[in-house]
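Input: a single structure, listed below in C-alpha cells.
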Amino acid sequence: MTITVRQWPAGLSATLATLLFPLAAHADLYIRSPTDIDQGVWELEYNGLSTIDPSPLKGGALSNTVEFAYGVTSWWRPELELDLEQAPGQDQSTGLQGFVWENTFRLTEPGEYWADLGFYWEYGHAIQSGVSDETMFGPLIQKNIGVTTHTLNLFFTKELGANQEIHGWDTSYAWQSRWNIYRLASPAVEIYGDAGQIDPFVKFPTQQVLAGPVVVGETLLGRLGKLKYEAGYLFGATAGSPAGAVRWKMEWEMRF
C-alpha cells in the first residue's frame, strides 16, 4: 500500500511539508519595493498563492495573507499581517497560522544614487502549539533603466524559540523586471528562490525556484484612493519545486 502525506499524522505531514517546501507555503511571493512608501497613506492588502503539482508534497498548498499598513513617515511603513495557510497534501481548510509584524525602511531618496536602497524586517508569531516564531530581514534594491524597473529582495530567515525545526539561517531571494508601458497593466518577469540553510547550502536541483510572467497594474479611484493589483503564473525551475504556482495580489490605498 502506498502511503501519502494525507494518510500520515497531521503533525508529521505538516513538518515534512515545512521542511520540503517552505517557499510556497507562504503567500510572501511578491516583490517589496524600497520606494513604495507614502506618508499618511493607509493600505489594505490581500495576497494569495496556490501551488500546482501531481505530488501531494508540493501541490495543493494554499496561502492567503491580509495586511494592514500605514506610512508613518516618508521612510518607514509598518504592517500587520494575518497569515492563513493550507499545507501541501492537507485536506483541512485554510486556518489562521499566526501574525506578522512587518517593517519597510527606505534608506535613500529615489534617484539619489545608482540604485534605490531599502531594508525589510519582520517578526512572525505562530499561534499553533509546537510551531516556532521566526524573524526575516534583508536588503531591498531597485534600479530604473529607461522604461523598466528592476527590483531585488534578498532575505535571511531564522526560527526562534523552543520549537525550532531548522536551527540555521535560511536564505531566499526575489527578482522582478517590469516594463512600465501601461499603467493599467504592465508586463513583468519574476523569480523566487529558496537556497536553504547557509551552511551548507542545498544543492541547486533540490532548491525551490519559481519563475514566470506577471501582470502589474493600478487604477485611480478618485476620492477613494488607488487600487493596485498583480497576477501571474510561476513555473517550477528545479526538481525541488512544484510544477507551477498561481499568485495574486490586491492592494487598496487611501489617505484619510
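The values are calculated or read from the model by the stated rules, or taken from the named source; none is laboratory data. Bear in mind the structure is a predicted one, so any value in this text is a computation, not a measurement. Don't worry about glycine lacking a Cβ; one is built from the backbone with ideal geometry, like all the others, and counts go over all protein chains shown.
Data for the structure
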read-out	value
Residues that are of a type outside the set (Gly, Ala, Ser), in a loop (DSSP other than H, G, I, E, B) and farther than 18 Å from Glu159 by Cβ, drawn from region 111-147	Glu112, Tyr113, Trp114, Val147
Considering residues of region 146-167 that are more than 24 Å from Gln208 (Cα to Cα) and at pLDDT 95 or above only, the residue surrounded by the most Cβ atoms within 10 Å (Cβ to Cβ)	Thr149
Candidate set: region 158-172, residues that are out of contact with any Phe, Trp or Tyr (no Cβ under 7 Å at 6 or more places or on another chain) and of a type in the set (S, T, N, Q); chosen: the one nearest to Gly217 (Cα to Cα)	Gln164
Condition check for Leu80: in a strand (DSSP E or B), exposed (fewer than 14 other Cβ atoms within 10 Å of the Cβ) and out of contact with any Pro (no Cβ under 7 Å at 6 or more places or on another chain)	yes
Condition check for Leu221: in contact with a strand residue (DSSP E or B) (Cβ under 9 Å, 6 or more places away or on another chain), modelled with pLDDT of 95 or more and surrounded by fewer than 20 Cβ atoms within 10 Å (Cβ to Cβ)	yes
Output for region 238-256, where each listed residue is among the aliphatic types (A, V, I, L, M) and surrounded by 18 or more Cβ atoms within 10 Å (Cβ to Cβ)	Ala245
Asp170 being in contact (Cβ under 8 Å) with a residue 60 or more places away in the chain and surrounded by 15 or more Cβ atoms within 10 Å (Cβ to Cβ)	yes
Every residue from region 190-201 that is surrounded by fewer than 15 Cβ atoms within 10 Å (Cβ to Cβ) and either among the aliphatic types (A, V, I, L, M) or within 30 Å of Val147 (Cβ to Cβ) (or both)	Ile198
Which numbered condition Gly59 fails, given (1) within 17 Å of the chain's Cα centre (by Cα); (2) surrounded by 19 or more Cβ atoms within 10 Å (Cβ to Cβ); (3) closer than 24 Å to Ile191 by Cβ	(1)
Every pair of residues 6+ apart whose Cβ atoms lie under 7 Å, when the first sits in region 188-213 and is over 22 Å from Ile52 (Cβ atoms) while the second is at pLDDT 85 or above and of a type in the set (Phe, Trp, Tyr)	Gln197/Trp169; Ile198/Trp169
Tally of residues being within 16 Å of Glu67 (Cα to Cα) and at pLDDT 95 or above across region 119-136	4
